Amino acid sequence: MAKNPIGQPTQIRRVLNGLDRVSLGLYGRFAAWFDEATNGIVIDFGHRTLYRIRQLGLRSRVAVAGRDVRLLAEPRAKDIGVAEGGDRDLDTRDLSKGADARTRKPTGRPTILFASEMRPAISGNLLRIRDRIYERGLGARFDMRFSFRTLDQVTPEGTARLASDLAAADIILVDDYFPLLNKVALRDDQKLIQVWHAGSGFKSVGYSRFGSYGSPRLTDTHRKYTFAICGSTHLVPVYAEVFGIPENAVIPTGLPRIDSFLDPIRSEHVKADFARSYPQLDGKKKILFAPTFRGEGANTAFYDYSQLDFTRIYEMCGDEYVFLMRMHHFIPGEPPIPQEYADRIVDFSHFPDGNDLLHSVDILITDYSSILYEFSLLQRPMLFFAYDKDIYSATRGFHRDYEDMAPGKVCETFDELIEAIETGNFEEDKIERFRQENFDHIDTHSSDRVIDQLILDDPRNQPEAIAAEEREAARLSLARRLGAEQFHVDNPEHAAARSAVEEYLRVDCQGAELELESRNDSVDAINNEREVLT
């Protein structure tokens, strides 16, 4: 690399950053091995101890401040769910009791709460769903409530208001991790719908990282989702694993924000607005550099800028390109762009909407970010700068082989990246396969599918779902009856035996169920024959 320009890390700092990355990778491997070797006992004990210490400190602060302990939960703190032992979750009715003096009176209409603990305002999938509800004239049918804040906006009073809204909501829509729900027990009649902001990224998230660095606990918020949406049937098992929920709870509606992204009229408007706002970029090809963050989360997020040679980027751009940098919102500060290079390398981290920016971009450079999801629909070239692929795989993990999945050329060194741009070697033939695997629908109706299937209707009310639930209930009933005949129901010594028989019969009855279904597909007929059997 050329000599570092002003503002770049020193050689010592680059060495220390490298040691940090190596140590994280070793820690991830060691933690996974140690947890398996000790059957989770030691780490579980550590979690419990840490949880009690944190609770003691929290209660001490509450005693001094005179506030309700339940309203001082740290929204982004790692939940120690496994450590809670016998502690029950806080019911939404408990949280809201006396917590919000300005709670709105019931309207008699179903209440929908749009909420995020990671964003200061409504955007993305949630924004498009809300707008489409109003466009269809459905706004009057619901009591719409909103709660959007980030870590630096959290207050006890705000948490109290949010708790009140959670208690009142019939349907809760979230688009990211929602830590407060770790301490809330939802009612049976509430629907919690995750409209995850990412499309199809490479990195493993949620329970696909279980046991690894920064993975969720067994009782994490993710497992409370009634439904989650995704872009294709191909992604259903991936999302089910990520959130720790059944596959039939993952509905491939497509992502609502794609509706706006593919709207041709809006796209032209967005591009025209960009051209008016940045006339100095007119006539130049635009390269967007948009990597994800490194680190465990918002509090530890960083990007190793020493991997970039700004002098080389500036020279590569010449009069043909401009290099736009849009860093992940978790990464603090601005990228260290030398002032003398500001005419060709520009910080776009604060551009209002990343998807709008994509319409004006000619080439995308990313790594493990889900930004490739929308960009693939434009069928423009992508490059993947994965300088830490092996370490990232060890600490975060991938859903499947990274190079096989990437819809473009993977560059492991900065020199490879620059060479690919200069020679035009983007491996664009990979884009179409990616589109086929990740999109069941390439249209502008994903919001309608979410509204129709999950808000106005409920997949659990479909005949197939009802029949499956009834078959499972009948199977359990048969197991309990046969178990009770062999082992006295009131004898505590027989409890384990009854449980074993019940589990055995649950599996053993599956053959009988299949035989019954093959004879008659009618749910009523199946139930009648089952009654005869039992």
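Every read-out reported here was derived from the displayed coordinates using simple, explicitly stated rules and does not represent laboratory data. This structure is a prediction, so every number in the text was calculated from the model and none was measured. Counting neighbours? That spans all protein chains shown, and the Cβs are built from the backbone with ideal geometry, glycine included.
Residues Ser123, Ser477, Ser376 in ascending order of nearby Cβ atoms (within 10 Å, fewest first): Ser477, Ser123, Ser376. When peptides 406-415, 162-171 are ranked by their average number of other Cβ atoms within 10 Å per residue, the highest-first order is 162-171, 406-415.
Along the range 253-267 the Karplus relation, 6.51 cos²θ - 1.76 cosθ + 1.60 evaluated at θ = phi - 60°, assigns HN-Hα couplings of 7, x, 8, x, 5, 5, 4, 5, 5, 8, 5, x, 5, 5, 4 Hz to successive residues, with x for each Gly and Pro.
Of the peptides 148-158, 245-255, 316-326, the ranking by mean beta-carbon count within 10 Å, highest at the top, reads 245-255, 316-326, 148-158. Local charge for Phe142 was computed over the other residues whose Cβ lies under 11 Å away, with Lys and Arg +1 and Asp and Glu -1, and equals +2.
Could you work out the local net charge near Asn461, counting Lys and Arg as +1, Asp and Glu as -1, over the other residues with Cβ closer than 12 Å to its Cβ?
Neighbour charge sum, excluding Asn461 itself: -2.
The order of Trp33, Trp196, going from fewest to most other C-beta atoms within 10 Å of their C-beta, is Trp33, Trp196.
Centroid-to-centroid, using Cα positions, the range 110-130 and the range 428-478 are 21 Å apart. Give the distance, in whole Å, between the Cα centre of the range 221-238 and the Cα centre of the range 246-307. So the two Cα centres are separated by 22 Å. Residues whose amide H comes within less than 5 Å of that of Lys191, counting only those at least five positions distant or on another chain, are Ile171, Ile172 (H built at 1.01 Å from N in the peptide plane). For the range 291-299, backbone phi angles converted through the Karplus equation (6.51, -1.76, 1.60; θ = phi - 60°) give residue-by-residue couplings of x, 8, 8, 10, x, 7, x, 4, 6 Hz, Gly and Pro being listed as x. When each of His329, His197 is scored by the number of other beta-carbon atoms lying within 10 Å, the sequence from fewest to most is His329, His197. Across the range 357-366, coupling constants 3J(HN,Hα) worked out from phi with the 6.51/-1.76/1.60 Karplus curve, θ = phi - 60°, read 4, 4, 4, 9, 9, 9, 9, 10, 10, 9 Hz, and Gly and Pro carry x.
Computed log10 I(q)/I(0) for the range 255-345 at 0.22, 0.23 Å⁻¹: -1.13, -1.15, from the Debye equation with unit scatterers placed on every C-alpha and solvent omitted.
Around the amide H of Ile365, modelled in the peptide plane, lie the amide H atoms of Leu288, Phe289, Ala290, Leu383, all under 5 Å away and 5 or more residues distant in sequence or on another chain. Projecting the Cα atoms of Met316, Gly283, Tyr387 onto the charge dipole of the range 273-439 (Cβ charges, centred on the Cα centre) puts Gly283 farthest toward the positive pole. Backbone amide hydrogens, once placed in the peptide plane, bring Val184 within less than 5 Å of Leu90, excluding anything fewer than 5 places away on its chain.
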